[in-house]
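Enquirer: Can you keep this structure in mind? I'll have questions shortly.
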Amino acid sequence: MDFELTDDQIALQEGLRSFCSGRFPIEVVRAVEATGGIDRDRWRELADMGTFALRLAEDAGGVGLGTADAVLAFEELGRALVPGPLVWTHLAAGLVDGAATGEVVVTGIERDDASGVIEFPATADVLLILDTDGAWRVDVADLALAPLDPPLDPLTPVARLTAPLPQGAKVLDAGPAAELRLTGAALTAGQLLGISTATTDLAVAFAKERVQFDRPIGQFQALKHLMADMLTRSEVARGAVYAAGVTVDDPEVGPVARAVAAAKLTAGEAAVENTKTCVQVHGGMGYTWEVDAHLQLKRAYVLDAAFGGREHWAEAMADLAFT
Amino acid sequence: MDFELTDDQIALQEGLRSFCSGRFPIEVVRAVEATGGIDRDRWRELADMGTFALRLAEDAGGVGLGTADAVLAFEELGRALVPGPLVWTHLAAGLVDGAATGEVVVTGIERDDASGVIEFPATADVLLILDTDGAWRVDVADLALAPLDPPLDPLTPVARLTAPLPQGAKVLDAGPAAELRLTGAALTAGQLLGISTATTDLAVAFAKERVQFDRPIGQFQALKHLMADMLTRSEVARGAVYAAGVTVDDPEVGPVARAVAAAKLTAGEAAVENTKTCVQVHGGMGYTWEVDAHLQLKRAYVLDAAFGGREHWAEAMADLAFT
Amino acid sequence: MDLRYSESDLAFRAELRSWLADVLPTLPPKPAPDDWPARRDWDTGWQRQLFEAGYAGINWPKEYGGRGATLTEQLIYLEETTRAGAPYIGVNFVGMLHAGPTVMAEASEEQKAFHLPRILRGEEVWCQGFSEPGAGSDLASLSCKAFRDGDHYVVTGQKIWTSFAQVADWCELLVRTDASSKHKGITWLICPMDLPGIEIRPLRTIVGSSEFSEVFFDEVRVPVSQRVGDENDGWRIAMVTFSFERGTGFISDLVETDKMISELVELAKRVTRKGATAWDDVALRREIGQMQAQMDALWAMTKRNLAQAERNGVPGVGGSVVKLYYSELFQRLTDVAMRLLERASLSRDDVGQLVGSGSFVEERLRSTSFTIAAGTSQIQRNIVAERILGLPKDR
Amino acid sequence: MDLRYSESDLAFRAELRSWLADVLPTLPPKPAPDDWPARRDWDTGWQRQLFEAGYAGINWPKEYGGRGATLTEQLIYLEETTRAGAPYIGVNFVGMLHAGPTVMAEASEEQKAFHLPRILRGEEVWCQGFSEPGAGSDLASLSCKAFRDGDHYVVTGQKIWTSFAQVADWCELLVRTDASSKHKGITWLICPMDLPGIEIRPLRTIVGSSEFSEVFFDEVRVPVSQRVGDENDGWRIAMVTFSFERGTGFISDLVETDKMISELVELAKRVTRKGATAWDDVALRREIGQMQAQMDALWAMTKRNLAQAERNGVPGVGGSVVKLYYSELFQRLTDVAMRLLERASLSRDDVGQLVGSGSFVEERLRSTSFTIAAGTSQIQRNIVAERILGLPKDR
């Protein structure tokens, strides 16, 4: 047992981080509001970095890495607030032609999701549907959609289904589809973890700079303690998120669903609570569109609701651990 | 509308407070641990102050005041941690001979309380039972009891019923018994409010005195804010508790059960959270038997569980307000 | 302790309720959120209507056109208008709740006679020039400076978080007139917003709206006669403003919060999961029941504050307690809504049958400011700890 | 990242588990809680048994009688012993987890050779003389003073919160040797507890127990040879002790917390209300599910801390994070139990069929100390904010 990143994993993490800061600086991220949440050129660059093909076998044109590695990559994507249906397109790699290479953008939904909310309706090509029988694909162009404006997250446009979901073409059976769902939750937890860390960094940097009452506000114990709690939530969630990745790859080390439950729940908690705190630490500036704190907050809520919210996973954990 | 204490109410409050500090200083309170939770002489003094006969009509030998006044009195009894089945004996005044005068000590239980826990088993004379059909009396001497040691609160000794409760002799019909239950909850909320205020005072006094890092610890923002939250919880609960008293007396001003729900829930919250915080503010000293903080904490838990805990009242409030 | 409304209170409530029932359906449609001139017209039109019906400034003195009634009637007014869904105070906010009461307490007779009736009649719109980029929680460190030049103050500097600046006629403006003293070097001016040298740049908020602006002053000449109180006594006067804000200023927010709890229940009844409605979920019921209990308690406390203000004339620091408690309660409430909505929370528009879902999402975002604006929760806790509990000041 | 246990880890776990299964049923009955001599015998007897079986000091070097194994094996040891309900470390706590590791890191070869094997064999019991009535969170302000008199330090002063003082042979004692400096005027002594001038007064805790004492020193003569490290270098050495406490010192508490969650579920299944068990209540299930998720996350984080300690040799400040999180989780857990038990929470004895109810009540009281002892949560948050996040120090 050595639950620390390997040198390869550190290299992957650093590679993604430098890619994101180079190609997805916040101005680029903010600009996708005007283009339906996706910039096709940058999307292909994401594909070139292996974002979608990361876990695909090498002989299928993939990178051949595991979920533990993918979680690290998605942490970086989350940290940089990279927009788009990243997790769904990643899950679709190998199931939907062109997903792995970034030619086709795939969004997704659970068939029993009563909200009928579709993300990236104007820019995604394919909708992946998960249900208890398997995974299915539908062309987004074939869906009856009504606009929903404005979205919660300006970088995650949404629409609403106005007719029942078509059955779609089956791309996966029930068993592997269930695994796909858990993988999706684990990767989303990775993004949430990235946000929870980024927002802590943003709050701390601001608190060191901002002076009130003749001292940096980070010297006030009340704010200091808020930020200590941010770090605590992030670091605890990091344990669970990394463990979930490892467990998906190697179910012998523990029950996969339970590991994913712990990851999704604690990462959602860390991201939502930390982004709220970051806004608070910023005071009035946190309430502006100009400061990035609101983008982190909004994305945290979007991802917290994806692949099962905290209540879902709390109940699932109770069932998994005690029955 | 003038939701401030009248001069008579202020006089009542001050009278009780000075009585409690004179006759129930903490040494006297602590000493009842050795005598089963009650000192009969002091109990009669409580009766002489009108504690039990307060709401009894003057022609029945009572003081003829209302529940709004009784709530103020019980706040003071709570503040001073006066021990004994004060609420039950007060409720029994007029129903059980000798209760009003302090000759007979009355404890009580809800018939459907699965715990079967009886308070003051060795010292109370009569057990009052509340159920959906009314109120009933049983002699404590006739109960089959097994000891429970040690009690949560050293000043609230308990035992457990080892046989089903006898039916008892009916002393009240269903309707007035239901009112009695609400009054009991309101008076208990009064005690909880008193504790939440007393424990705030204790924490603040300590924080002004105790020096660490060359300054009074009350200057540290983290502790300051903990205590600000104590005051906030207490004052909000005070509104609800006083309103509950007024509403019991004058149901035209609002639904009684809802007013009691708000009072019992917020006062329980204030007392439990504040007493925990008081222990924390005291640091190591809060963990000792010598400092009174633990007695407040333990009593807060005892009273929070009496006449319906917070979950009970939260659910009741949802039903009362929204169905 | 008496919670009964008097006969005259009850009559007032009945009369107001019936007036609202008549008038509200006749209001013109609301203008677009960012059309500020139209919003000014709409909001001041409503203020004028209130004035004509005798409902403007319930507890303002009659001599300025107010109703001269009790705080209890003010409470009833806020309850009834909020519950009936009457228009929000809107652009009249600063005039009615901040600048007006301050002018009433501290300004000269001429200033009072000029401004107060106009505020009540909806003829004047005010904005607030207090906060600066460098002076937020530490407001007294403000640096927008003014020097005397004959009969004028010449003002240069920047303000921020100025609501309705685009359409305001007047600004309650705090300026630094003595750089050698912190609290005792501040002056309170009534600044006409049409003077040369004032530039307004709207700020975009977390919800994308533009009610706040940055306001830049470049050698703006404000007549000395526009000063309220003495030179360098502006901090004390500003504290009067805050005591109103922290006193009874939050009552309509409380009524709003109470209403939101009921609306959350309605929303929960519309959300289905696992073949039942979310309102059948006992955890949610307890959570909402707890919040309603806390809300009822807070409301009861407010009635106590009111009774104390009625007796002593001045609202106490109890307002900090109200603000701390309701702002966190409101945020919790909207967070419960976010969890309840699950992926239906992804839009600020109502999602299908879930009437109201969008407004809860919007309120979740908007309410992030509740623990920040008008004194952060951290500042409020300091106030409670130091002024009520007497704990030693930070050093 | 690898969460697989190695073959040798698995073998160690199997062997230990089987040994525990054999040995635990043969243990004599536990002595009464306040019979300290009997408890000393019992606890040191168990330590001796561990030693003889090769399980004392899993990660202590072999030269002192330890097993010289990895931190992973230490983790397995703590998991298996806690899960099997093996005796708590008891009076060996200070020796095994505080004084021992400090002696190992900082003491002379003679001191190490003398004490370490004896601690492992259960022949020495230690207590801690750090805190004073006036020096709690601000430990460095301690005033128990020692002056040199030839080959002795003469110690006069008072210590508090000294666990097991009644039966300890040695005390890790911090004394003030230079009043002119705060942190650099402290010396770390190994004080024999049988010296003349030492008086022990047990303190009664919130649960009525007497494991802590106040210890009074009246001109106690401690040989200079008993000093660890240099004179006035004791603060640095004490920090070494804390780094162990804040490093891997909480692992058994985590295992204990995890076990308590399962026991809470068992208890919930025994509590009936409204014709169902409390475990059928979805709110409780979610609450417990959430706590289990947090616990699993914390456990995973601990494995990361361990991997880092294994690589770098020294446990990091991550221990503050562990302590903050688990202590509040544990308190929350016991608070849930109190609500669940309703009036059955009125006793620290099990109420009828509710096996375990009493221990949850006791733990609720006992755990009030978790956010206080070994650095309050306030101090831990300062550490996290200043040392990990680099926020400026308070002034």
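Enquirer: For the stretch B:287-315, what are the residues that are within 8 Å of chain D (Cβ to nearest Cβ), in a loop (DSSP other than H, G, I, E, B) and over 18 Å from B:K264 (Cβ atoms)?
Expert: B:W289, B:E290
Enquirer: Being more than 14 Å from chain C (Cβ to nearest Cβ) and among the charged types (D, E, K, R) is the filter; apply it to the stretch B:1-20 and report the residue that is surrounded by the most Cβ atoms within 10 Å (Cβ to Cβ).
Expert: Ranking the candidates gives B:R17 first.
Enquirer: Please list, ordered by first then second residue, the pairs with beta carbon atoms under 8 Å, 6 or more apart or interchain, first in the stretch C:104-129 and without any contact (Cβ under 8 Å) to a residue 40 or more places away in the chain, second surrounded by fewer than 17 Cβ atoms within 10 Å (Cβ to Cβ) and of a type in the set (A, V, I, L, M).
Expert: Short answer, once both residue conditions are applied: none.
Enquirer: Looking at the stretch A:244-260, is at least one residue in a loop (DSSP other than H, G, I, E, B), more than 7 Å from chain D (Cβ to nearest Cβ) and among the small types (G, A, S)?
Expert: yes
Enquirer: Same structure again: Which of the residues spanning the stretch D:342-372 are within 7 Å of chain B (Cβ to nearest Cβ) and within 29 Å of D:M239 (Cα to Cα)? Can you show your working first?
Expert: Of the residues in the stretch D:342-372, the ones within 7 Å of chain B (Cβ to nearest Cβ) are D:342-349, D:351-352, D:361, D:368-369, D:371-372.
Within the stretch D:342-372, D:T368, D:S369, D:T371, D:I372 qualify.
Enquirer: B:A237 - would you say it is surrounded by 23 or more Cβ atoms within 10 Å (Cβ to Cβ) and either modelled with pLDDT of 95 or more or charged (D, E, K, R) (or both)? Break it down into steps so the answer makes sense when it comes.
Expert: On the way: surrounded by 23 or more Cβ atoms within 10 Å (Cβ to Cβ): yes; either modelled with pLDDT of 95 or more or charged (D, E, K, R) (or both): yes.
Answer is yes for this residue.
Enquirer: For the subset of the stretch D:150-181 comprising residues that are in contact with a helix residue (DSSP H, G or I) (Cβ under 7 Å, 6 or more places away or on another chain) and of a type in the set (D, E), which member is farthest from D:E123 (Cα to Cα)?
Expert: Here the answer is D:D178.
Enquirer: Within the stretch A:261-274, how many residues are within 7 Å of chain D (Cβ to nearest Cβ) and touching an Asp or Glu at 6+ places or on another chain (Cβ under 6 Å)? So that I can check it myself, show each step before the final result.
Expert: Step one: filter the stretch A:261-274 for residues within 7 Å of chain D (Cβ to nearest Cβ), giving A:261-262, A:265-266.
Subsequent filtering for residues that are touching an Asp or Glu at 6+ places or on another chain (Cβ under 6 Å) retains A:262.
The number of residues fulfilling the criteria is 1.
Enquirer: From the list C:P25, C:P33, which residue is surrounded by fewer than 18 Cβ atoms within 10 Å (Cβ to Cβ), farther than 25 Å from C:T302 by Cα, without any contact (Cβ under 8 Å) to a residue 24 or more places away in the chain and not charged (D, E, K, R)?
Expert: Working: C:P33 fails: without any contact (Cβ under 8 Å) to a residue 24 or more places away in the chain.
Answer to the check: C:P25.
Enquirer: Exactly one of these conditions fails for D:P87: (1) outside any helix (DSSP H, G or I); (2) under 18 Å from D:A165 (Cβ atoms). Give me its number.
Expert: With (1) outside any helix (DSSP H, G or I); (2) under 18 Å from D:A165 (Cβ atoms) applied to D:P87, the lone miss is (2).
Enquirer: Within 15 Å of the chain's Cα centre (by Cα), in contact (Cβ under 8 Å) with a residue 24 or more places away in the chain and more than 14 Å from chain D (Cβ to nearest Cβ) - does that describe any residue in the stretch B:162-181?
Expert: To start, the set of residues in the stretch B:162-181 that are within 15 Å of the chain's Cα centre (by Cα) comprises B:180-181.
Going one step further and asking which of them are in contact (Cβ under 8 Å) with a residue 24 or more places away in the chain, we end up with B:180-181.
Subsequent filtering for residues that are more than 14 Å from chain D (Cβ to nearest Cβ) retains B:180-181.
Within the stretch B:162-181, one or more residues are within 15 Å of the chain's Cα centre (by Cα), in contact (Cβ under 8 Å) with a residue 24 or more places away in the chain and more than 14 Å from chain D (Cβ to nearest Cβ).
Enquirer: Taking the stretch B:186-218, which residues are within 10 Å of chain D (Cβ to nearest Cβ) and either buried (at least 23 other Cβ atoms within 10 Å of the Cβ) or not β-branched (V, I, T) (or both)? Walk me through it before giving the result.
Expert: Of the stretch B:186-218, the ones within 10 Å of chain D (Cβ to nearest Cβ) are B:210-215, B:217.
Matches in the stretch B:186-218: B:R210, B:Q212, B:F213, B:D214, B:R215, B:I217.
Enquirer: Confirm whether B:T247 is surrounded by 22 or more Cβ atoms within 10 Å (Cβ to Cβ), among the hydroxyl-bearing types (S, T, Y) and at pLDDT 95 or above. Lay out the reasoning, then the answer.
Expert: Values: surrounded by 22 or more Cβ atoms within 10 Å (Cβ to Cβ): yes; among the hydroxyl-bearing types (S, T, Y): yes; at pLDDT 95 or above: yes.
Yes: the conditions hold for B:T247.
Enquirer: I'd like the full set of residues that are facing chain D (nearest Cβ under 7 Å) and polar (S, T, N, Q), limited to the stretch A:219-235.
Expert: A:Q219, A:Q221, A:T232
Enquirer: Here is a follow-up. Just give me the residues in the stretch A:27-39 being under 18 Å from A:V291 (Cα atoms) and in contact with a Leu (Cβ under 7 Å, 6 or more places away or on another chain), in sequence order.
Expert: Step one: filter the stretch A:27-39 for residues under 18 Å from A:V291 (Cα atoms), giving A:27-33.
Passing the criteria: A:V29, A:V32, A:E33.
Enquirer: Quickly run through the stretch D:136-145 and pick out the residues that are out of contact with any Phe, Trp or Tyr (no Cβ under 8 Å at 6 or more places or on another chain) and either β-branched (V, I, T) or within 8 Å of another protein chain (Cβ to nearest Cβ) (or both). Walk me through how you get there before you give the answer.
Expert: Within the stretch D:136-145, the first condition is being out of contact with any Phe, Trp or Tyr (no Cβ under 8 Å at 6 or more places or on another chain), and the residues that meet it are D:136, D:143, D:145.
Hit for the stretch D:136-145 is D:G136, nothing else.
Enquirer: Turning to a different aspect of this structure: Name the strands (runs of 3 or more DSSP E) wholly inside the stretch D:151-229 in which the number of residues that are in contact (Cβ under 8 Å) with a residue 40 or more places away in the chain and within 21 Å of D:K112 (Cα to Cα) is 3 or more. Show your work before the answer.
Expert: Details: elements: D:152-163, D:170-176, D:186-192, D:198-202, D:212-223.
Counting at least 3 such residues, we get D:170-176, D:186-192.
Enquirer: While we're on this one: Out of (1) under 25 Å from C:L3 (Cα atoms); (2) crowded, with 20+ Cβ neighbours inside 10 Å; (3) free of Cβ contacts under 8 Å to residues at least 12 places away in the same chain, what's the single condition that is false for B:E58?
Expert: Here B:E58 meets the rest and fails (2).
Enquirer: With (1) within 26 Å of D:R17 (Cα to Cα); (2) without any contact (Cβ under 8 Å) to a residue 40 or more places away in the chain; (3) touching a Ser or Thr at 6+ places or on another chain (Cβ under 8 Å); (4) among the acidic types (D, E) as the list, and D:E132 as the residue in question, which single condition is left unmet?
Expert: Only one criterion is unmet by D:E132, namely (1).
Enquirer: Let me ask something else. The conditions are (1) over 27 Å from B:V260 (Cβ atoms); (2) of a type outside the set (V, I, T); (3) touching a Ser or Thr at 6+ places or on another chain (Cβ under 6 Å), and C:S320 fails exactly one of them. Which is it?
Expert: (3)
Enquirer: Among the listed residues C:S345, C:S327, C:S357, C:S377, identify the single one that is in contact (Cβ under 8 Å) with a residue 12 or more places away in the chain and under 26 Å from D:D394 (Cβ atoms).
Expert: None of the other options fit; the residue is C:S377.
The values are calculated or read from the model by the stated rules, or taken from the named source; none is laboratory data. Everything quoted here is computed from the prediction, not taken from an experiment. A quick note on method: Cβ atoms are made from the backbone with ideal geometry, for glycine too, and the neighbour counts reach across all protein chains shown.
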